Amino acid sequence: MEEFRLFVQTASFFLFIILALLMIAAYSRLFFLNTKINRLKRRYDHLLRGKGDMDMEGLIRSHGEELDEFRKKLDDSLRSQKEMNTKVQFSLQKLGYVRYDAFPDSNNELSYTMVILDSFNNGIMITSLYGREQSTSFAKYIRDGKSKIKLSDEEKQALNMAINGEFPIQ
């Protein structure tokens, strides 16, 4: 079970990083295209004021073709961004984590509950109870921010932390 928890943590972290990088790439592409369009507009305005010795009609046509290309690229980038936004909603992105002493004779808060949710509050809750004689780990599915199985106070606290985005990143 520990391996599965580690796999879920690692996979969700890498998925989040990949999706974040894709979002950054899309935004940088949009910024680049916007800059290029603004530069073309300044050149066009400069020529309409009578400066420059190039053929005005040819220049306007070439700029029109370039603008059409950039509009197509911008539309493709926007479409790609919308797809990425949709995919990001289903990625694991909310985290709640509570450490505690599960038994009176234990200390150092070695028991924990971790909740990982997507933007629709669906995901998994992993609880590990540490005792001197034995330790137990188990998982519960979370759908719409609720579990079909009764939750302990610590599990409720971790779930609320994940839903409300209260996990302190240190």
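Nothing in this text is a laboratory measurement; each read-out follows from the coordinates by a stated rule. In this text, all values refer to a predicted model and were calculated from it rather than measured experimentally. Here the Cβ is made from the backbone with ideal geometry for all residues, glycine too, and neighbour counts use every protein chain on show.
Would it be correct to say that I116 is more than 18 Å from the chain's Cα centre (by Cα) and not small (G, A, S)?
Answer is no for this residue.
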* Asked: Quick one: would you say K148 is out of contact with any helix residue (DSSP H, G or I) (no Cβ under 8 Å at 6 or more places or on another chain), in a helix (DSSP H, G or I), on the phi < 0 side of the Ramachandran plot and free of Cβ contacts under 8 Å to residues at least 60 places away in the same chain?
  -> no
* Just need a number here: residues in the range 90-106 that are part of a loop (DSSP other than H, G, I, E, B), out of contact with any Gly (no Cβ under 8 Å at 6 or more places or on another chain) and more than 16 Å from T136 (Cβ to Cβ). => 4
* Out of all the residues in the range 103-154, which are small (G, A, S), over 19 Å from A11 (Cβ atoms), in contact with a Ser or Thr (Cβ under 9 Å, 6 or more places away or on another chain) and surrounded by 16 or more Cβ atoms within 10 Å (Cβ to Cβ)? -> S111
